[in-house]
1. Under 1.5 on a/c is rounded, so check that first for chain A, then, if it is not, pick prolate when a/b is larger than b/c and oblate when it is not; a ≥ b ≥ c are the square roots of the alpha carbon gyration tensor eigenvalues.
2. Picking from A:ALA86, A:VAL76, A:THR291, whose Cα lies most toward the positive end of the charge dipole for the stretch A:57-368 (charges on Cβ: Lys, Arg +1; Asp, Glu -1)?
3. Using just the helices of chain B, give the 222 nm mean residue ellipticity in deg cm²/dmol: DSSP H runs with n ≥ 4 each add -39,500 (n - 2.57), and the total is spread over all residues, rounded to 500.
4. Over the stretch A:222-303, what is the relative contact order in whole percent, taking alpha-carbon pairs under 8 Å and six or more residues apart?
5. Report the per residue volume, in Å³, of the convex hull enclosing the C-alpha atoms of the protein assembly as shown.
6. To make sure I understand the rule: partners must be lysines, Cα under 25 Å from the Cα of A:LYS12, and not fewer than 8 residues away in the same chain. Which ones qualify?
7. Go through the stretch A:307-316 residue by residue and turn each phi into a ³J(HN,Hα) via Karplus (6.51, -1.76, 1.60, θ = phi - 60°); whole Hz please, and just put x for glycine and proline.
8. Under a plain spin-label model, where a point goes 7 Å from the Cα along Cα-to-Cβ, how far apart in nm are B:ALA99 and A:MET171?
Amino acid sequence: MNALRNYLDKIKPNFEEGGKYHAFRSVFEGFETFLFVPNATSKTGTHIHDAIDSKRIMSFVVIALMPALLFGMYNVGYQHFHATGAEGSFIEMFGYGFLAVLPKIIVSYVVGLGIEFIVAQWKKEEIQEGFLVTGMLIPMIVPVDCPLWMLAIATAFSVIFCKEVFGGTGMNVFNPALITRAFLFFAYPTKMSGDTVWVSGDSIFGLGKTVDGLTAATPLGVAKVAECPAFSWDMVTGLIPGSIGETSVIAIAIGAVILLWSGVASWKTMLSVFVGGALMGWVFNTWGPDTAIAHMPWYEHLCLGGFCFGAVFMATDPVTSSRTENGKFVYGFLIGAMAIIIRVLNPGYPEGMMLAILLMNIFAPLIDYVVVQNNISRRAKRAMSNN
Amino acid sequence: MANLIKLRKGLNINLKGKAATELMSVKEPGFYALCPDDFTGVIPKVVVKEQEYVMAGGPLFIDKNHPEMKFVSPVSGVVTSVERGARRKVMSITVEAAAEQDYEEFGKQDVTRMDGTAVKELLLNAGLFAFIRQRPYDVIADPTIAPRAIFVSAFDSNPLAPDFEFALKGEEANFQTGLDALAKIAGVYLSISASQQAKALTQAKGVTLTVFEGPHPAGNVGVQINHIAPVNKGETVWTVDPQAVIFIGRLMNTGRVDLTRTVAITGSEVKKPAYCKLKVGAMLTDVLAGNINKEREVRCISGNVLTGKKIPVNGFLGAFHSQLTVIPEGNDVHEMLGWIMPRLNDYSTSHSYFNWLMGKKKEYVLDARVKGGERHMIMSNEYDKVLPMDILPEYLIKAIIAGDIDRMEELGIYEVAPEDFALCEFVCSSKMELQRIVREGLDMLRKEMC
C-alpha cells in the first residue's frame with residue numbers, strides 16, 4: 001500500500017499543470033481518489049466531515065444492482081438454452097449470459113466514462129461518480145440482442161445531451177439511463193421491442209446453439225397482442241424473457257433492501273410507486289376497457305416488465321426525482337399510476353415504466369414548486385399576522 | 001413550568017476529548033489580541049497607536065458606521081502591534097498585558113433604575129455591545145435599530161461543547177444582573193436545556209423561559225428563535241451568548257469590563273481536557289503547549305469543530321468562543337479504497353458505513369479531512385434531517401448559489417445564520433461549503449438592503 005502511494009506521489013507531478021501528461025489529469029485524479037481517500041483537509045466551515053461521499057453512495061447503488069445483474073446473466077443463458085432446446089448446466093447458462101452481457105457493460109462504461117473524463121478535463125473539474133450507476137443500469141435495461149454499436153451511440157447521446165449539457169451529475173433533469181433507453185427505443189424500435197430481441201439465438205464461444213429467427217415474447221408483449229398470461233411464480237423469480245436486469249422480483253427486492261437500509265434511496269418514493277401502480281391496476285381490473293392487458297391482475301402488473309426495476313432503481317434517483325419529502329409521495333404515486341395507464345391504454349408500447357418515469361422527471365420540479373410555495377406562503381402569512 | 005419544546009431532528013456527534021468538569025490553572029497569557037474579523041459586519045477604525053498604553057476596557061477600535069460602538073481591550077498594557085493584511089485591512093490588534101492591571105472605571109450601576117437607552121449607551125461605551133449579534137444577517141447588532149426581542153441560549157449543544165452550568169458557578173448574580181440589564185432594552189427569551197438544573201437558570205427572573213430537549217442543534221439560538229418566535233422580514237432580534245451576559249452583569253455590578261470566560265479545552269489531541277479561565281483574545285501558547293499530543297500534526301480550533309476558527313498553536317482565543325478544540329489534521333492519512341471499506345472507526349450518519357454497529361456510546365477521533373470531493377447537490381433530504389427549523393435548506397442554499405435575492409427572502413434567509421447550517425455541512429455527501437455559502441448570501445443581502 002505504501003509502495004503504491006509512493007508511486008502515485010512520484011508520478012503525480014506529470015499530470016499537473018505543465019506536466020507531460022497534463023491532458024490526462026482528470027483520469028489520474030479519478031484513479032487516485034478511487035485508490036485513496038483524498039487527504040485534503042477542510043479550509044472553511046466545519047472542521048470535521050461525515051465519512052459519506054458520493055463515491056460511497058454510488059458504489060452502494062452498484063452493489064444493490066448486483067443481485068439483479070447476476071440473475072439477469074443467468075436468465076439470459078436460461079432463456080437461450082430453454083428456447084433453442086439445447087442442453088446446458090447452470091454453469092453453462094450463467095457463462096453464456098455472462099459472455100452476452102459483459103460486452104454491453106464494457107461498452108457502456110467505456111463510452112460513458114470516456115466522455116466524463118473528457119468533460120472533467122475540459123471543465124477542470126473532478127470526475128463525477130454518477131456514471132458508475134448509470135453505466136451499470138444501461139446494460140440492464142436493454143434486451144439481450146441490442147447491438148453494441150447502438151448501445152454506444154445511445155450512451156454517448158445520453159451522457160452528452162441529458163447530463164453534461166445541463167452541468168453534470170446533480171444538474172440533470174432526466175435520468176440518463178432512461179434517456180439511453182428512450183433513445184434506443186425511438187431510434188431503433190425493431191431492436192428494442194417485438195418478439196425477436198428478448199432471447200439471444202446465437203451461440204457464444206461454442207456455448208449454446210445458433211437458431212435463426214428465434215422468437216420469444218415477453219409476458220407483457222403477449223398480453224398486448226393476445227391474451228393475458230396467467231400469473232406464475234416464474235414472474236417473481238424472473239425466469240421469463242425481458243430486459244437483462246428487470247425480470248427477477250426477488251433479486252430486485254434484495255437490491256431494494258440494500259438501498260433502503262443504507263438510506264441511499266427514499267422509501268417514500270419507492271413505496272408510493274407500488275401503491276400508485278397497484279391502485280391503477282386495480283382500477284383497470286374493475287372499470288377498465290375489455291382488453292387482455294386491462295384484465296391483467298394488479299399484482300401481475302407490478303411483477304412484470306420493468307415496474308419493479310424502475311420503482312427501485314430509477315424512480316428513486318435523487319437528482320431527477322422530487323427533492324421535497326411530501327413531493328416524493330406524489331411523484332412516486334404518479335409514476336406508478338402513469339406506468340399502468342401507458343401499458344393499458346397505449347396501443348403501441350407494451351411497457352410504460354420508462355415513459356412514466358421520464359414524464360414524471362419533467363413534473364418533479366413542478367411538484368416541488370408546490371411544496372416549496374407552501375413553505376413560502378406559510379412564512380409570508382406569519383409575517384402578515386405579526387404586523 | 002416553562003414551555004418545553006422537544007426537537008427530534010438533529011445529530012449529536014460523540015467525539016473524544018470531552019472536558020472534565022474541573023478548573024485547571026494556566027499561566028497568565030502575556031499577550032491579548034482582538035481580531036476585527038471576529039465581529040462580523042463591522043468596519044474597524046483603529047483608535048490606538050502602536051506602543052500606546054491602554055486600560056482594560058479602553059477602546060482599541062471603533063466601528064466606522066457607528067463610531068459610538070467601541071471594541072475594548074480585555075487587559076491593560078501596551079499595544080504592541082496593529083497587524084494589517086491585504087488592502088490595509090486590520091487583521092488584529094495585540095496588547096501586551098501589564099503586570100498590574102488597571103481598569104477603566106464605568107461606575108457601579110443600579111440596573112433597576114436604568115432605562116433601555118442608558119443601558120445601551122453604557123454597553124456601547126464599555127465595548128460590551130460588541131458581543132451582541134443580530135438576526136437578520138448574523139452580524140454585530142446595529143445600535144440604531146430597536147430589537148423585537150433578545151434571545152439567550154444558555155446551553156451549547158455542539159460537539160464537546162462547554163457546560164454553561166459550570167461556567168455559571170459563582171457568577172449567578174452577575175448573570176441575573178446581565179439579564180435584567182438586557183430586559184431594559186427588549187423582552188429577553190432565555191432558552192435552557194432539559195438537563196440543566198441550576199437555579200440561576202431555571203428560576204431566572206424577568207425573562208421568558210423555554211426549555212429545549214433534543215440533539216444538536218437544539219442549543220443553537222437560531223433554532224430556538226425559529227421555534228419560539230421566528231424572525232420575519234423587517235424585524236430584528238438580538239442574540240447574546242450566555243457568557244457575554246455575565247460580562248454585562250459584571251460591568252453593572254463592579255463598574256469594570258472583565259472579559260473573563262470559562263473556556264473548555266477539548267478534543268482528542270488534548271492530553272488533559274478541562275476548563276480554564278481565560279480572557280477574550282488571550283494568547284494560547286501557554287494554554288495549549290504541553291497539553292497537546294505531539295505525535296501527529298494537529299489542528300487547533302478556537303470554538304468547536306463545526307463552527308470554530310482554525311488558529312495556529314500560538315494563536316489567540318476568538319472573541320465569541322468559550323471552547324478550544326484540538327483534533328488531528330489528518331493530511332498524513334492515506335486511506336486505501338475508503339469508498340468500499342467498512343471504516344468502523346470513522347463516523348457516518350449513513351448506514352452504508354457500519355459504525356452504527358459500535359453503538360452510540362463510542363467516542364470518535366475525527367480528523368480534519370473532507371473525505372471526498374466537492375460535487376453538485378445530489379442527495380435530497382440530507383440537510384432536512386439535521387435542521388430542526390421550518391426552512392427548506394436545499395432550496396435556500398440553491399437560491400443563494402443562484403444569487404436570487406427575492407427567493408432567499410421568501411425561503412427565510414432572515415432566520416438563519418451560518419452556524420445553523422454547520423451540521424448540514426457535516427453530513428453533506430457532496431461536501432459543499434454550506435457555511436461559506438450562507439455567509440455570502442447574508443452579506444449579499446445586507447449589501448442590497450443597506
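Every number in this text was worked out from the coordinates using simple rules, so none of it is lab data. None of these values were measured; they are calculated from a predicted model. Cβ: placed from backbone, ideal geometry, glycine included. Neighbour counts: every protein chain shown.
1. Judged from the Cα gyration tensor, chain A comes out oblate (a/c at least 1.5, b/c at or above a/b).
2. Going by the Cα projections, it comes out as A:THR291.
3. -6000 deg cm²/dmol
4. Working: 72 pairs, mean separation 25.6, N = 82.
About 31 percent, as a whole number.
5. 183 Å³
6. Qualifying lysines at Cα under 25 Å: A:LYS20, A:LYS43, A:LYS55, A:LYS123, A:LYS124, B:LYS371, B:LYS431.
7. Whole-Hz 3J(HN,Hα) from phi for the stretch A:307-316: 4, 4, 4, x, 5, 7, 9, 9, 5, 8.
8. 6.6 nm
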